[in-house]
Amino acid sequence: MADQGRNGEKCGPRAIILARLLRLLCEEGILEPSRKSPVVRFQHPDKLQEILSLEPEAQGVHMNEILHLCHDIVKYSVQTCHPHFKNQLYGGIDPYGLAGAWLAEALNTNIHTYEVAPVFVLVECAVLRHVLNIAGFPNGDGIFAPGGSMSNMYGMVLARYKAVPDSKMKGLSGLPPLVAFTSEDGHYSVKKAAHWLGIGTENVVAVKTDSHGRMMPSRLTCCIQQAIAEGKKPFFVSATAGTTVLGAFDPLEQIADICHQYGLWLHVDACWGGTLMLSKKHCHCLKGLERADSVAWNPHKMLGAPLQCALFLTKEKGLMHHCNSASASYLFQQDKFYDVSFDTGDKSVQCGRKVDAFKLWLMWKAHGSNGFESLINNAMDASRYFKEAIQVQPGFRLVLDEFECTNVCFWFIPPSLRGQEENDEWWNKIHTVAPKIKERLILSGTLMIGYQPLPHKGLRNFFRFVTSCHPPPTYADMDHVWQEIERLGADLW
Amino acid sequence: MPASSGIITLTQSLENLNGKHGISGSYEDMTAGVNVAVPSLSPSPGYVTEKKSTRSVAWFASLPDRQRHSQFLKEAVDLMLDKAVFDAASRTNRVVEWRSPEELKKLIDLDLPADRVSHDRLLQLLKDIIQYSVKTGHPYFVNQLFSSVDPYGLVGQWLGDALNPSVYTYEVSPVFTLMEETVLCEMRRIVGFPEGRGDGIFCPGGSIANGYAISCARYNFVPDVKKRGLHGLPRLVLFTSEDAHYSIKKMASLLGLGSDNVYLIHCNSKGKMDVQHLEQEIQRALEEGAAPFMVSATAGTTVLGAFDPIPKIADICSKYKMWLHVDAAWGGGALVSKKHKHLLEGIEKADSVTWNPHKLLTAPQQCSTFLLRHEGVLSACHSASAQYLFQKDKFYDTQYDTGDKHIQCGRRADVLKFWFMWKAKGTVGLEEHIDTVFDNAAYFTKQIKKREGFRMVLQEPECTNVCFWYIPPSLRGHEDQSDFSERLHKVAPRIKERMIKEGSMMVTYQPLRDQPNFFRLVLQNSGLDWADMDYFVQEFERLGSDL
């Protein structure tokens, strides 16, 4: 390795590593995990630390050792592309999306100016234009952000700027408290954003939801009036289209009416449920979306773009730029020889930014809108099948009678606890069932599924099952889920 | 030439791979067992269209299928290696094949279709995209504070994508959770925090890392801010130099402090923060009734590559009980070199540090770290304890669920590419890399100082930024004329236009304070040598001599 530390074109012989990696990924089935292979080979942190040789060393290691390291990393990582990974709102990836990610990385592009990213700036514009039209913001603007939490933050920043334009320069000190509203089932990122933006988590009002987890418009009105009565300034409502746990869609039309009445910014957190807007059959869930001022949607969730692929859309063109620009003269020189309106980076709060648009663009080219639609309809269909399947199984109890998104939430009641009086003691036991089954699932590596309580609804730990487009769920996969839970929970307490 | 020999080897090995390994196995082999294990398999009408008894994957499915996708993926990877990795880094090829936005829109079919396009068409689209993209891995791309495509970094990046992890819980990212802690600890050790203790995170870019610094400093100053916000507080003021990165102002706006409350401190003639002025401005803020809470020093400014005097700034911070952040996004890489780490003397006194391995150390985009000497602040400041993700009744040690100290929820495993490079090169290799790029910068500086028509902005650049004016023959000897500066201001944009249209190199320019436009050549690629430096000098002369 005489040329150690060198890169660029002199790396020819060493770049064989790239081909070897591809071979490894094929051999290990990373891109197409077998249903027979484990989802995870769990090791506790201290043990895993011993197995993996993580410490950087003074001398570089040999190529074979490098491949060995890759192998270990693959082996002990969770196979998120596995059909039985049902743990999060993301999972398997689209092969075209992966090809797109790899290309963007091989080119190592940073999408802040047309100068350094001519193709990708146009790709981002094309994707945004297309999605803006679907969302109903034909004259809008948007950006790809590093995750849905950041997209939600973008929504809140624009709303703040719209409510108090001076805040960009002067800050919030001395102003009456600004108040944001989201439902008690809304994502925690709204609170995080309120903290980060200097608004304070106490000034995020959690609006009550109905039994299905949807924001209650009448309660929203009460909360707004109360904030006004306290001398505070309401400015922002974040409605949720597809809540994290129950998959509920807030009634956007009614919320939009209220926002209009009080002059509040309406943001829709459609990170999870937004994918349904691509399906004619299911887009009714997002009825009223076009009345929002801004929307967050993550194609890296249900649609299967590689992480991260998160869009933020807003109705008013130019506002993002006004709100976020800093006009750095070393990067956004105004005396360039081309149309500098294509230097879109200054509307971002990041400086350098990855080309996340390209993954989605390549997937879209490869599948077409029709392909996306079939994929979504299949995921929804599989979810309905799962719900009906467990409805008739003894020991499974649904948290809701109907679900709007692909989420299906349920308790598993082990045989020993069936048919008993359901008092506090009984529920305390049920509360421990999901964590225990989860432990067994992970240790056996046969399935990964999430669980959580919903304390504000008085609900103890229950499982949350979700389907996404990829790998396309089959009915057999659905049966595998409840059968594994039943198998590993049969002897509990 | 070396590039093409590389391609041949690579293609051959891919051929072997095709014959010997997995790709030849059939999809049915793999899934047959499932059909046996779950006899009740009922095909979903939504996607099974071709056969009833076995699983076949519909044309639109996101599931990679050997028959359908292996050839495509292989060809796509071959194409990327050939065109986007090797050809892109060959000196004989252009850095960019320039087209204006309007032309480019016509050259690539960007619109999104209702119906899919064929694999052949997709491969053609990939070719087009590569053709018209800027080759940031090209030796003559010295335009930004990032460049190079490190092969090991790229492997780490691709592997990360293929595994598609999100680093928030040990449960879903066991390997990467541990890897992050290992790398961050080593980086803190290099920064000089005692025994590498403290805290840290990988975040999406240096701007966000600087945002974290402001957020932590603010929380440390008034913990109540998390709940109550800034409304009832006095005006919080932070200080940074006039040459500091614009993200400090951007983040101050974002975080609700207001960009006016970033007090900009004068720089001396070398671009370093003027410490006396800093103290005066702190006094001014106090007299105004505002609350000074933080100084962001810069180790390697964006344009001039200057290093602020950290020890003196640290003294002032300790005197006024202010948080000291060091934005070493750019210059941090010098810490791995025994020869150059003196530039960051005093950084171990900082409360927090931004350090982007994707800059001087050439990890692929994005790879940014935020490092703290304190434990606990980050998570106390940012946690929201979401019950659905950070359950406390998990069966393993949940202190490894590190995601709640972030403002992101899902987050990429940016650590992998850097860790992988580090393994492959060793700390020694990283050091040689840094020493090489600094040596090239020194050589380039020496060369242009000797040449007529080049004038240095700083006589002795500290980092690998070399800032200079190129004065065309027609302007030489007219330095005393009143419109000289105005005419010089127009030179750099003209040369830049020419170099981009020819694609012969990419070097950026900018004005600074009252100085007219000048070039900033900036080096991170250790694959360059002195001959390349000579090439740059000659290119400026060739492109600018007739202006």
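The numbers here are math on the coordinates, done by the rules we state, and not lab data. Here the structure is a predicted model, which means the values were calculated and not measured. Counting neighbours? That spans all protein chains shown, and the Cβs are built from the backbone with ideal geometry, glycine included.
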Quiz item: Where a Cα-Cα gap under 25 Å defines reach, which lysines qualify for A:Lys168, not counting those fewer than 8 residues away within the same chain?
Solution: A:Lys191, A:Lys192, A:Lys232, A:Lys233, A:Lys315, A:Lys317, A:Lys347, B:Lys226, B:Lys227, B:Lys249, B:Lys250
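Can you compute the helix-only [θ] at 222 nm over chain A? Use -39500 (n - 2.57) per DSSP H run of at least 4 residues, normalise by all residues, nearest 500 deg cm²/dmol.
On the way: 14 runs with 192 residues, N = 493.
After summing the helix terms and dividing by the residues of chain A, the value is -12500 deg cm²/dmol.
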Quiz item: If each of B:Val222 and B:Glu460 carries a label point 7 Å out from its Cα toward its Cβ, how far apart are those two points in nm?
Solution: 4.4 nm
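Order of A:424-437, B:468-481, B:240-253 by packing, highest average Cβ count within 10 Å first?
Details: A:424-437: 16.5, B:468-481: 14.9, B:240-253: 25.1.
Top to bottom by mean Cβ count within 10 Å: B:240-253, A:424-437, B:468-481.
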Quiz item: Quick one: Cα convex hull volume of the protein assembly as shown, Å³ per residue?
Solution: 154 Å³
Quiz prompt | Spin-label zone in segment A:271-308 - amide nitrogen under 17 Å from a point set 7 Å from the Cα of A:Asn139 along the C-beta vector | solution = A:290-294
Quiz item: Normalised by the number of residues in chain B, what is the relative contact order in percent for Cα pairs under 8 Å and 6+ residues apart?
Solution: 17 percent
Quiz item: Under the definition of partner shielding as Cβ atoms of other protein chains within 10 Å of a residue Cβ, what is the mean value for peptide B:93-100?
Solution: 2
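Write down Rg/Rh for chain B, rounded to two decimals, with Rg from the C-alpha atoms and Rh from the Kirkwood relation over Cα pairs.
Values: Rg = 26.7 Å, Rh = 26.3 Å.
When Rh is taken as the Kirkwood radius, the ratio is 1.01.
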Exercise. Over the whole of A:144-156, what's the average partner chain Cβ count within 10 Å per residue? Rounded to a whole number, please.
Key: 3
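With a cut-off of 8 Å between alpha carbons and a minimum separation of six or more residues, what is the relative contact order of segment A:12-79 in percent? If you can, show how the numbers build up before the last one.
On the way: 26 pairs, mean separation 36.1, N = 68.
Averaging sequence separation for qualifying contacts and normalising by length gives 53 percent for segment A:12-79.
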Self-check item: Residues B:Arg451 and B:Leu547, FRET efficiency given R0 of 22 Å [Cβ-Cβ distance, rounded to 0.05]
Solution: 0.85
Quiz item: What's the average, rounded to a whole number, of partner chain beta-carbon atoms within 10 Å of each residue's beta-carbon in B:402-414?
Solution: 5
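For a protection proxy built on the mean count of beta-carbon atoms within 10 angstrom, sort A:308-315, B:76-83, B:443-450 highest first, please. Intermediate results must be reported in sequence, preceding the final value.
Values: A:308-315: 26.2, B:76-83: 21.4, B:443-450: 16.4.
Ranked from most to least packed, the peptides come out as A:308-315, B:76-83, B:443-450.
How would you order A:45-54, A:143-152 from highest to lowest mean count of nearby Cβ atoms within 10 Å?
On the way: A:45-54: 15.0, A:143-152: 27.0.
Top of the packing list down: A:143-152, A:45-54.
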Exercise. Give me the percent of Cα-Cα pairs in segment B:71-196 that sit more than 22 Å apart, rounded to a whole number.
Key: 57 percent
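May I ask you to list the trypsin sites (Lys or Arg not before Pro) in segment B:330-364 that are in a DSSP loop and have at most 11 other Cβ atoms within 10 Å of their Cβ? Show your work: numbers first, answer last.
Values: sites: B:Lys338, B:Lys339, B:Lys341, B:Lys349, B:Lys359; in loops: B:Lys338, B:Lys339, B:Lys359.
The qualifying sites are B:Lys338.
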Quiz item: Residues with beta-carbon under 14 Å from that of B:Lys226, excluding B:Lys226: net charge, scoring Lys, Arg +1 and Asp, Glu -1?
Solution: +3
Quiz item: Per 5 Å bin from zero, what fraction in whole % of the C-alpha pairs of segment A:12-79 is there, up to the bin with the longest pair?
Solution: 3, 14, 23, 21, 19, 13, 5, 2, 0
